[in-house]
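Please read the structure below before turning to the comments.
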Number of protein chains: 2
Amino acid sequence: MTLYGYWRSTSSYRLRIALALKGLTPEQAPVHLVRNGGEHRSEAYRRINPQGRVPSLVLDDGSVLIQSPAIIEYLEEVYPDPPLLPADPVARARVRAVAAIVGCDIHPLHNVGPLNHLRRDLGQPEEAVAAWIGHWISDSFAAIEALIGEDGHCFGPEPGLADVYLVPQVYAARRFAVPLEPFPRIVRATTLAEAHPAFQAAHPSRQPDAE
Amino acid sequence: MTLYGYWRSTSSYRLRIALALKGLTPEQAPVHLVRNGGEHRSEAYRRINPQGRVPSLVLDDGSVLIQSPAIIEYLEEVYPDPPLLPADPVARARVRAVAAIVGCDIHPLHNVGPLNHLRRDLGQPEEAVAAWIGHWISDSFAAIEALIGEDGHCFGPEPGLADVYLVPQVYAARRFAVPLEPFPRIVRATTLAEAHPAFQAAHPSRQPDAE
């Protein structure tokens, strides 16, 4: 398989963690989101992914999978071991809820597209953009802090889907200088995950296109 | 089970469709997002859902499920018939990708919170807010148009997860007066789904709190 992604993209990082936890090591095909006017917007890349976003995962039979939430559920179905989700349906829903808070309520609001829109089209200064980012991260981190466990990874002794989503989101929060002191459980779960070999292998700084 | 939702909320509408397709008819507990300063922000509601958002689904044993993507996956696991997803993992990933485009790349950007932030905190006039909404809907509808099928529902003769997400998103697009002419496949799939009894029962206008 081949992974089209970008080293610092939150959703690429998330997918890399899931792949690494499953013991999968796809070839990497970096797509630079800034250089050449954004390589994700090129005709060549849009032939792979008509949405023109990263990540995309191309399987060995040529099937193209897009959208990290869909790709990660695919990985869980086809490579069930080790599992990213518990067995009980209610427990699975609780883990997926934390993933959805990151994937739907935080990341989309500070993705590069909306931030550029705020800057360019709405003429917002950097302080207003930073306040926007900080608001959405802090607001939903407060909810996650109330939902995850008191020790270990987000939901127990092994990392799972919630950790896969949370760690790249904390990476982004640090990059945007959002204070994390109000969220000791999130910091604890992130620190623990960051020591795990799969999370280390997936870290932006370890990717071939890291700057 | 009891559904906490709001008649016009995109994610409540989405969950209502999934419930109706599964033949489930939970009691409804409307949560008014405007009245009383927003009932979702109340202490009483936050005891049910610490994130203070709709929808929430309370099961008969008292378990609380939050976040529509997580709840819908729960429904698919516990009530597999009729299925919202095909059997083949790659086909499932393609359907989930369309759901994720709606759930991650469109809806979060025109949710009530971000729009209020644009208006109140960033002082944006209504024309700028409308342009923001239209941009995100049109941009991702173009991708969905390239991903769904040429006839029938989004992916074949029966409605599924992609339709569950798409129909409320088209409802929102119409409410925001976003032109749909460039998206004939989306309009076709939506029109077909809107004639289905489950989609009709879930329509905002048919809910007890509709205004």
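Before moving on, here are some points about what is shown:
- Residues in region A:114-137 include at least one that is among the aliphatic types (A, V, I, L, M), within 11 Å of chain B (Cβ to nearest Cβ) and part of a loop (DSSP other than H, G, I, E, B).
- Counted residues, region A:187-211 - those being in contact with a His (Cβ under 8 Å, 6 or more places away or on another chain) and not charged (D, E, K, R): 3
- If you go through region B:185-211 and keep only what is more than 17 Å from residue B:19 (Cα to Cα) and of a type in the set (Lys, Arg), you end up with B:185, B:188.
- Selection status of residue A:132, at pLDDT 95 or above and over 24 Å from residue B:70 (Cα atoms): yes
- Cross-chain or 6+ apart pairs with Cβ under 9 Å, region A:1-21 first and part of a loop (DSSP other than H, G, I, E, B), then of a type in the set (Lys, Arg): A:7/A:206; A:8/A:175; A:9/A:53
- Of all positions in region A:36-45, none carries a residue that is crowded, with 24+ Cβ neighbours inside 10 Å and either in the same structural domain as residue A:173 (by TED's automatic domain parsing) or at pLDDT 95 or above (or both).
- Considering residues of region A:105-154 that are touching a residue at least 60 places away in the same chain (Cβ under 8 Å) and surrounded by fewer than 21 Cβ atoms within 10 Å (Cβ to Cβ) only, the residue farthest from the chain's Cα centre (by Cα): A:112
- Contacts under 7 angstrom Cβ, first residue in region A:155-179 being assigned by TED's automatic domain parsing to the domain that holds residue A:75 and modelled with pLDDT of 95 or more, partner of a type outside the set (S, T, N, Q) and not in a loop (DSSP other than H, G, I, E, B), 6 or more apart: none
- Of the listed requirements (1) touching a residue at least 12 places away in the same chain (Cβ under 8 Å); (2) over 30 Å from residue A:76 (Cα atoms), residue B:47 misses just one: (1).
- Among all residues of region B:11-20, there is none that is touching a His at 6+ places or on another chain (Cβ under 8 Å), among the hydrophobic types (A, V, I, L, M, F, W, C) and under 28 Å from residue B:100 (Cβ atoms).
- Inspection of region A:78-100 identifies at least one residue that is farther than 27 Å from residue A:137 by Cα, at pLDDT 95 or above and in contact with a Phe, Trp or Tyr (Cβ under 7 Å, 6 or more places away or on another chain).
- Residue B:78 meets the conditions (1) more than 7 Å from chain A (Cβ to nearest Cβ); (2) of a type outside the set (Phe, Trp, Tyr); (3) closer than 15 Å to residue B:21 by Cα in every case but one. The failed one is (1).
- For residue B:159: the one exception among (1) crowded, with 19+ Cβ neighbours inside 10 Å; (2) assigned to a loop (DSSP other than H, G, I, E, B); (3) out of contact with any His (no Cβ under 6 Å at 6 or more places or on another chain); (4) not aromatic (Phe, Trp, Tyr): (3)
- Filter result (assigned to a loop (DSSP other than H, G, I, E, B) and free of Cβ contacts under 8 Å to residues at least 40 places away in the same chain) within region B:24-39: B:25, B:26, B:31, B:34, B:38
- For residue A:44, the criteria (1) in a helix (DSSP H, G or I); (2) more than 9 Å from chain B (Cβ to nearest Cβ); (3) within 27 Å of residue A:173 (Cβ to Cβ) hold in every case but one, which is (3).
- Test: residue in region A:50-73 that is touching a residue at least 60 places away in the same chain (Cβ under 8 Å), buried (at least 17 other Cβ atoms within 10 Å of the Cβ) and under 23 Å from residue A:162 (Cα atoms): yes
- A single entry from A:98, A:102, A:90 fulfils the requirement of being more than 7 Å from chain B (Cβ to nearest Cβ), in contact with a Ser or Thr (Cβ under 9 Å, 6 or more places away or on another chain) and in a helix (DSSP H, G or I): A:102.
The values are calculated or read from the model by the stated rules, or taken from the named source; none is laboratory data. All values derive from a computational prediction rather than experimental measurement. Note that each Cβ is placed from the backbone with ideal geometry, even for glycine, and that neighbours are counted across all protein chains shown.
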